[in-house]
Amino acid sequence: MTTTFEAVPSGRTPSPIEPLPHQLLAVLGQHRMASTGQIHDLLRPGTARQTVSTPLNKLRREGLVDYTVLPQSNRSRAWYLTGEGARLVRDFPALRGRPPYPITSATAASLKTPHTLTVVRTHLAFVADARRRGDEHGHLDWTPEVSHPLSDGEKIITDAVMYYTLIGEDQRTKLRAFVEVDRTTMSSERLALKLIEYARLWAYEPQPVGRSRARQSVVPGAVWLRWYPVFPRVLFVLTGASRYVLGNRINDLQAMVAQHPLVGTLARQVPLGAAVLDDLELKGPTGDVWVPLAGGEPRPWTEL
């Protein structure tokens with residue numbers, strides 16, 4: 001079996017050999033927050049909910065995790081690491097270099113809950129599809145809140161970077177994607193401006209400044225080559241409004257591709273697509289649910 005690299009290696013699905021409490025802490029360290037049901041679906045699908053709720057409660061008694069009660073949810077819980085838990089997972093091999101950002105109170109947690117849990121919900125759609133297809137995409141193959149530098153000291157923070165490995169009969173294809181989750185909380189124009197930021201990241205080549213900088217060993221080329229062998233595709237996942245409103249927002253993303261010169265150049269080199277979160281959950285991300293932002297009929301995200 002050969003391997004094709006459209007990105008770098010992805011991880012694996014949860015192993016029952018690794019202790020479940022370790023996995024629970026790693027999931028919360030990676031995703032910042034997740035509901036009991038989401039953690040269950042990520043780590044132990046097909047088992048009783050108590051399989052994860054019992055060790056979560058034990059970790060809470062040990063002062064490593066805490067929760068906030070979700071509104072209008074029959075007292076469902078969203079879990080997060082305490083300061084002590086964040087310090088502990090900092091040394092986990094899979095999370096080294098990941099800023100901890102501990103949540104300091106239930107009030108702070110409640111402010112982060114809507115967006116954070118929607119991002120996890122998006123991840124779960126890809127996880128479920130990968131399990132059904134036999135692809136590789138596990139609980140740590142999704143890194144939220146990833147920052148990349150732009151020119152003039154600015155930066156772009158993507159909602160998540162996704163790692164995914166397609167498994168064929170005689171080939172493994174490794175993909176990456178920048179994922180933007182839109183809950184219709186910003187204007188449609190501001191959402192479309194994200195495409196300009198990704199186009200700037202794609203084009204940005206930092207220049208050495210001064211003699212001391214020039215003597216350093218600097219890898220030439222675009223800044224993104226420091227992390228990715230191929231620029232990740234850009235996926236917009238929309239929710240939080242009617243089909244009509246979400247359709248208009250997708251139209252505005254397509255208009256940005258058509259009208260902005262740098263974004264148009266990006267679209268000729270990098271796959272760009274948008275989909276409705278409900279469709280991802282109903283038909284799977286490899287269904288014909290992604291609208292290509294450069295034009296064309298809906299298709300799987302892998303075929304944009």
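The values are calculated or read from the model by the stated rules, or taken from the named source; none is laboratory data. What you see is a predicted model, and the numbers here were worked out from it, not measured in a lab. All Cβ positions, even for glycine, are placed from backbone atoms using ideal geometry, and neighbour counts span all protein chains on display.
Points worth noting:
- Selected residue (only one of R226, R268, R233 is within 20 Å of the chain's Cα centre (by Cα), basic (K, R) and at pLDDT 95 or above): R233
- Qualifying residue in the range 239-255 (condition: more than 19 Å from the chain's Cα centre (by Cα), assigned to a loop (DSSP other than H, G, I, E, B), touching a residue at least 60 places away in the same chain (Cβ under 8 Å) and in the same structural domain as M186 (by TED's automatic domain parsing)): no
- Residues within the range 134-147 that are within 14 Å of the chain's Cα centre (by Cα) and either of a type in the set (V, I, T) or part of a strand (DSSP E or B) (or both), tallied: 6
- Checked against (1) closer than 14 Å to T122 by Cβ; (2) surrounded by fewer than 21 Cβ atoms within 10 Å (Cβ to Cβ); (3) β-branched (V, I, T), V245 passes all but a single condition, namely (1).
- Residue in the range 124-133 that is within 13 Å of the chain's Cα centre (by Cα) and within 26 Å of V223 (Cβ to Cβ) present: no
- Residues considered: P271, P285. Of these, the only one that is closer than 17 Å to T302 by Cα and touching a helix residue (DSSP H, G or I) at 6+ places or on another chain (Cβ under 6 Å) is P285.
- The range 123-148 residues that are at positive phi and surrounded by 16 or more Cβ atoms within 10 Å (Cβ to Cβ), paired with ones that are among the small types (G, A, S) and at pLDDT 95 or above (beta carbon under 8 Å, 6 or more apart): E145/A160
- Contacts under 6 angstrom Cβ, first residue in the range 185-211 being over 13 Å from E154 (Cα atoms), partner among the aliphatic types (A, V, I, L, M) and modelled with pLDDT under 95, 6 or more apart: E205/A222; P208/A214; P208/V218
- Candidate set from the range 281-301 (those that are among the aliphatic types (A, V, I, L, M) and closer than 22 Å to H260 by Cα); member that is surrounded by the fewest Cβ atoms within 10 Å (Cβ to Cβ): A294
- Among the residues of the range 271-294, those that are touching a strand residue (DSSP E or B) at 6+ places or on another chain (Cβ under 6 Å) and in contact (Cβ under 8 Å) with a residue 24 or more places away in the chain comprise P271, L272, G273, A274, A275, V276, L277, W290, V291, L293.
- Residue that is charged (D, E, K, R), surrounded by 13 or more Cβ atoms within 10 Å (Cβ to Cβ) and over 24 Å from H123 (Cα atoms), where the choices are R77, R44, R60: R60
- Screening S151 on (1) in contact (Cβ under 8 Å) with a residue 24 or more places away in the chain; (2) under 20 Å from the mean Cα position of the chain (by Cα) shows it passes everything except condition (2).
- Among the candidates D91, D129, D66, D152, residue that is in the same structural domain as R226 (by TED's automatic domain parsing) and either outside any helix (DSSP H, G or I) or under 21 Å from G37 (Cα atoms) (or both): D129
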